[in-house]
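Right, one structure below, let's go through it.
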Amino acid sequence: MMNEATPQEQPTAPKYPAPRVSPVDPPPQLAELRTGRAASRVTLWDGAQVWLVTSHAGIRAVLGDRRFTAVTSAPGFPMLTRTSQLVRAKPESASFIRMDEPDHSRLRSMLTRDFLARRAEALRPAVRELVDDLLAKLVAGERPVDLVAGLTTPVPSRVITLLFGAGEDRREFIESRSAVLIDRGYTPDQVAAARDELDGYLRELVEQRLADPGTDLISRLVLDQVRPGNLSVGELVPMCRLLLVAGHGTTTSQASLSLLSLLTDPGLADALTEDANLLPKAVEELLRFHSIVQNGLARAAVEDVQLDDLLIRAGEGVVLSLSAGNRDERVFPGPDRLDPHRDARRHLAFGHGMHQCLGQWLARVELEEILAAVLRWMPGARLAVPFEELDFRHEVSSYGLGALPVTW
């Protein structure tokens, strides 16, 4: 049976997250927690005590159970960072990933057709041309080059601005404001200001499409949803912000860490050079191995829920460690080994359940094209600085690299 003690009676609960030992691996303490109960009591930065789930099966169970809410205003919902409170303070700014049914499906379904696997494949030639153009400029210049600034940051931001029909002159503005929104190093006021500036720009973009629609994604939403009265401008703006910020920060982080593995793991580079058809499988393994959502996902129980041997009561918060679930040895034998031949399709990098990442197919295309292009353009690429000097970005919501100096 569950320990009935209240949070105040459990002062010895460990702090979350545990200290990191290796910059590319989740803390070993998370693996140790999987040998115990279905969840462990931990203390967050604000003193709140919540349940931490570290097993692959437990994470899937919670994410697939609608008795756990993604709404930040729900009683007991964990605030993983100080800036998380902004959504609670201004719920009208929330995107559909912070909603439950029926609002979540109503809004998400309006975008589903634009992010199907076949639509992502249709964009592959444009992504390849973009990546080749960026790398051609990099290899023509002086060495070393920074693959974060020169490749992994501009690719996803240019792809999403292409989908939006936004001008290239606004890309720097979009990148800078999006970067603030995922960086825990900024104050809540700075994050709120960046969000409001980005929302103001997106509202202008929506108003322009209302007056003169084109063929871009925002124009389609305006024609199909806003004009018929199915979607308000106030709902469309946070939807667009979600696509900008998620498409920019997460893919940049995953691509930078994936390239790090390509540069430091000779077996990976050799395998992909020998067999280009291995690339999609290798990307799935890299998504598993480098879990960029290091803080985990937050949920709160709205009813009492029995999770294996543990009763989680209504109003209690739950944090799901995707990085720990992706290293669950019961699902992925030898989980701390990067194996491009592994069938890693059950990974949790894109979540699970109704909130599973909408842009996952586009992210896969971008990652595949980035890795393949670096192998083409930079044979023998290697780090230009010692591994220990790399700038791992612990302060951002999607864990990655601040820079990746490379020579070849």
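Answer with yes or no whether Leu404 is in contact with an Asp or Glu (Cβ under 7 Å, 6 or more places away or on another chain) and either closer than 30 Å to Arg118 by Cβ or buried (at least 22 other Cβ atoms within 10 Å of the Cβ) (or both).
Values: in contact with an Asp or Glu (Cβ under 7 Å, 6 or more places away or on another chain): yes; either closer than 30 Å to Arg118 by Cβ or buried (at least 22 other Cβ atoms within 10 Å of the Cβ) (or both): yes.
Criteria met by Leu404.
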Being open to solvent by less than 30 Å² (accessible area, probe 1.4 Å), more than 30 Å from Thr112 (Cβ to Cβ) and either within 14 Å of the chain's Cα centre (by Cα) or of a type in the set (Gly, Ala, Ser) (or both) is the filter here; which residues of the range 350-400 pass it?
Ala381
Just to be sure I understand, how many residues within the range 136-192 are under 17 Å from the mean Cα position of the chain (by Cα) and in a loop (DSSP other than H, G, I, E, B)?
3
Looking at the range 31-43 only, could you name the residues that are touching a strand residue (DSSP E or B) at 6+ places or on another chain (Cβ under 8 Å), open to solvent by less than 40 Å² (accessible area, probe 1.4 Å) and in contact (Cβ under 8 Å) with a residue 60 or more places away in the chain?
Ala38, Ala39, Val42
Restricting the range 135-149 to residues that are closer than 19 Å to Ser258 by Cβ and touching a Gly at 6+ places or on another chain (Cβ under 9 Å), the residue that is surrounded by the most Cβ atoms within 10 Å (Cβ to Cβ):
Val148
For residues in the range 150-203 being over 21 Å from Arg128 (Cβ atoms) and basic (Lys, Arg), which is surrounded by the fewest Cβ atoms within 10 Å (Cβ to Cβ)?
Arg170
Ser321 fails exactly one of (1) polar (S, T, N, Q); (2) out of contact with any helix residue (DSSP H, G or I) (no Cβ under 6 Å at 6 or more places or on another chain); (3) buried (at least 17 other Cβ atoms within 10 Å of the Cβ), namely (2)
Can you tell me which of Glu329, Glu316 is out of contact with any Lys or Arg (no Cβ under 7 Å at 6 or more places or on another chain), of a type outside the set (S, T, N, Q) and more than 30 Å from Ser258 (Cβ to Cβ)?
Glu316
Got a sec? Which of Glu121, Glu101 is touching a residue at least 60 places away in the same chain (Cβ under 8 Å), assigned to a loop (DSSP other than H, G, I, E, B), over 29 Å from Arg393 (Cα atoms) and not basic (Lys, Arg)?
Glu101
Is it the case that Arg124 is under 21 Å from the mean Cα position of the chain (by Cα), at pLDDT 95 or above, basic (Lys, Arg) and under 24 Å from Val374 (Cα atoms)?
yes
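With the condition kept exactly as written, say whether any residue in the range 352-374 is in a loop (DSSP other than H, G, I, E, B), in contact with an Asp or Glu (Cβ under 7 Å, 6 or more places away or on another chain) and at negative phi. Don't jump to the end; show me each part of the working.
Here is the first cut: in the range 352-374, the ones in a loop (DSSP other than H, G, I, E, B) are 352, 356-359.
Okay, now just the ones that are also in contact with an Asp or Glu (Cβ under 7 Å, 6 or more places away or on another chain), so none.
No, there is no match, as no residue in the range 352-374 is in a loop (DSSP other than H, G, I, E, B), in contact with an Asp or Glu (Cβ under 7 Å, 6 or more places away or on another chain) and at negative phi.
Restricted to the range 222-234, and to residues that are part of a helix (DSSP H, G or I) and farther than 25 Å from Ser176 by Cβ, which residue is least open to solvent (accessible area, probe 1.4 Å)? So that I can check it myself, show each step before the final result.
Keep residues of the range 222-234 that are part of a helix (DSSP H, G or I), which gives 222-226, 233-234.
This time we only want the ones that are farther than 25 Å from Ser176 by Cβ, so: 222-226.
Working: Val222: 0, Leu223: 73, Asp224: 62, Gln225: 33, Val226: 23 Å².
The residue in question is Val222.
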If a residue has to be hydroxyl-bearing (Ser, Thr, Tyr) and open to solvent by 30 Å² or more (accessible area, probe 1.4 Å) to count, how many in the range 254-271 make the cut?
1
Of the criteria (1) hydrophobic (A, V, I, L, M, F, W, C); (2) over 20 Å from the mean Cα position of the chain (by Cα); (3) surrounded by 19 or more Cβ atoms within 10 Å (Cβ to Cβ), which one Ala298 fails:
(2)
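The values are calculated or read from the model by the stated rules, or taken from the named source; none is laboratory data. Because the structure is predicted, anything quoted here is derived from the model rather than measured. No Cβ is skipped: glycine too gets one built from the backbone with ideal geometry, and neighbour counts run over all protein chains shown. Just the protein is used for accessible areas: all its heavy atoms, side chains included, with ligands, DNA and RNA removed. Shrake-Rupley method; radii C 1.70, N 1.55, O 1.52, S 1.80 Å.
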